[in-house]
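To start, the structure under review is shown below, and the notes come after it.
The values are calculated or read from the model by the stated rules, or taken from the named source; none is laboratory data. Bear in mind the structure is a predicted one, so any value in this text is a computation, not a measurement. Cβ: placed from backbone, ideal geometry, glycine included. Neighbour counts: every protein chain shown.
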């Protein structure tokens with residue numbers, strides 16, 4: 001499978017347009033039969049061609065259903081930026097997993113909708129978990145005996161340090177931040193994170209490692 005053929009900044013608005021990586025990517029993709037234009041190819045055939053690395057076929061599938069999937073994400077999340085992020089993540093998975101589509105399990109659109117819905121729900125759960133953990137941590141820090149016995153100046157330093165970490169974490173790319181939050185706030189192992197996000201274990205490990213290095217550098221600059 002070739003690399004994801006779309007760039008993040010190409011996912012803008014209600015009906016984002018598709019742009020392929022380069023002319024070479026088109027040349028490398030299987031040619032479309034002149035007797036059957038891409039626009040007339042059935043969805044299942046588009047996925048089969050995409051699984052073989054045909055970026056043109058995937059672009060057609062994207063054009064057909066990006067608005068539907070974006071609208072679904074928007075309905076669930078009620079946030080345009082979050083919906084765009086979910087659309088991108090869902091389309092990346094569709095491109096990467098096109099070979100796993102099974103016509104016996106349902107129509108291609110139903111399969112794509114399930115992927116987008118799961119991504120949107122994961123995003124909600126992640127946000128809710130983060131808010132709950134932050135709130136619980138704040139309450140816990142305020143109610144612990146040792147915290148009460150600390151001088152007011154020390155408590156202020158502790159709160160500022162916590163806020164500094166939170167700001168640095170918020171500046172990370174979404175995929176790095178989510179992996180780190182699941183590991184350090186959610187208490188999940190890297191294997192569990194990979195399973196929950198539907199990502200390869202190596203990808204999750206790399207994201208956490210890069211994210212932690214970025215956090216370290218950011219905090220060193222602020223201390």
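Among the residues in region 193-203, are any free of Cβ contacts under 8 Å to residues at least 60 places away in the same chain, in a loop (DSSP other than H, G, I, E, B) and under 20 Å from residue 163 (Cβ atoms)? Scanning region 193-203 turns up no residue that is free of Cβ contacts under 8 Å to residues at least 60 places away in the same chain, in a loop (DSSP other than H, G, I, E, B) and under 20 Å from residue 163 (Cβ atoms). Note down all Cβ pairs under 6 Å where the first residue falls in region 67-78 and is in the same structural domain as residue 116 (by TED's automatic domain parsing) and at pLDDT 90 or above, the second is surrounded by fewer than 14 Cβ atoms within 10 Å (Cβ to Cβ) and outside any helix (DSSP H, G or I), and they're at least six residues apart or on different chains. Going by the 6 Å Cβ cut-off, the qualifying pairs are 67/15. Restricted to region 79-98, and to residues there that are surrounded by fewer than 17 Cβ atoms within 10 Å (Cβ to Cβ) and modelled with pLDDT under 90, the residue that is nearest to residue 173 (Cα to Cα) is 81.
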